[in-house]
Amino acid sequence: MSVEASLKEFKETEGKESFQLQHSKCLKVELSGETIQAKLGTMVAYQGDVDFEHAGSGGLARMAKKAMTGEGATLMKISGSGEVFLADLAQDIQLLKLEKEAITVNGANLLAFDADIDWDIKKVEGVSGMLGGGMYNTHLEGTGYVALLSDGTPVLLNVDGEKTFADPQAAITWSDGLKTGVKANVSMKNLIGRGSGETFTMSFEGKGWVLIQPSEGRVAAPSQGGGAGGGAGGTLGKILSG
């Protein structure tokens, strides 16, 4: 058996959609002149005439929000004609398609989104004064694909009337319209000794859904700044951010 035949199971996956999962940990985006945005440093390969550019913050208002809150992934613009392959630390990728819809995403879990998706940074309700100024997440709205990262296979929780609670780092995205807040789980066990460590949880109320990853999120090493995909992707991230 030839080497090429041995590698057949890893062959690139073809499809009609612009965003196409190659497997659970790698995304291929087909470009035909449009511009998408992706987490800086997550390009692992590309084919064709493709350009990469630091996306900035998309305006002074969003720049100020990012500076004040630390929320929102550092993004790069990807344009041209060809195929781009994206991945981040071998995390699982969840592909969603919005149809004139809106979702809220934990910025650390945002991998890429279509050209027609608008984004902003919004504050979680009921947080001010509890977490040193508040908690912020990324709001996405429009029509097109959104690719998210999860540390393991997530679980979808339905919210219908009764409150649902989750660790802030485990809740990677939720539907528009849910009322959010923060519950302080403060007791003597939290204040003395090691305790449980679960000092705060996010609350979700109303009708909708929350996607939960089976982890409180990965912590990237300093050399991986911004969740670089490694190799050329990591170098590209440093060039664009510098």
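Need the failing condition index for residue 189 against (1) at pLDDT below 55; (2) within 28 Å of residue 43 (Cα to Cα), just the number.
(2)
Given 53, 34, which one is loosely packed, with under 14 Cβ neighbours inside 10 Å and either more than 18 Å from the chain's Cα centre (by Cα) or modelled with pLDDT of 95 or more (or both)?
Details: 34 fails: loosely packed, with under 14 Cβ neighbours inside 10 Å.
Matching residue, one of 53, 34: 53.
Please go through the range 10-28 and give me each residue that is under 23 Å from residue 152 (Cβ atoms) and not hydroxyl-bearing (Ser, Thr, Tyr), ordered by number.
If we filter the range 10-28 for residues that are under 23 Å from residue 152 (Cβ atoms), which is where we start, we get 10, 13, 19-28.
Listed by number, the residues that qualify are 10, 19, 20, 21, 22, 23, 25, 26, 27, 28.
Could you figure out which of (1) surrounded by fewer than 20 Cβ atoms within 10 Å (Cβ to Cβ); (2) free of Cβ contacts under 8 Å to residues at least 60 places away in the same chain; (3) over 25 Å from residue 99 (Cα atoms) isn't true of residue 155?
(3)
Take the range 135-155 and flag every residue that is part of a strand (DSSP E or B) and closer than 20 Å to residue 20 by Cβ.
Here is the first cut: in the range 135-155, the residues part of a strand (DSSP E or B) are 136-150, 155.
Selection gives 140, 142, 143, 144, 145, 146, 147, 148, 149, 150.
Looking at (1) in contact with a Ser or Thr (Cβ under 6 Å, 6 or more places away or on another chain); (2) at pLDDT 95 or above; (3) surrounded by 15 or more Cβ atoms within 10 Å (Cβ to Cβ), find the lone condition where residue 99 falls short.
(3)
If you check 38, 5, 45, which single one turns out to be in contact with a Leu (Cβ under 7 Å, 6 or more places away or on another chain), among the small types (Gly, Ala, Ser) and either touching a residue at least 24 places away in the same chain (Cβ under 8 Å) or outside any loop (DSSP other than H, G, I, E, B) (or both)? Steps first, answer last, please.
Working: 5 fails: in contact with a Leu (Cβ under 7 Å, 6 or more places away or on another chain); 45 fails: in contact with a Leu (Cβ under 7 Å, 6 or more places away or on another chain).
The match here is 38.
The values are calculated or read from the model by the stated rules, or taken from the named source; none is laboratory data. None of these values were measured; they are calculated from a predicted model. No Cβ is skipped: glycine too gets one built from the backbone with ideal geometry, and neighbour counts run over all protein chains shown.
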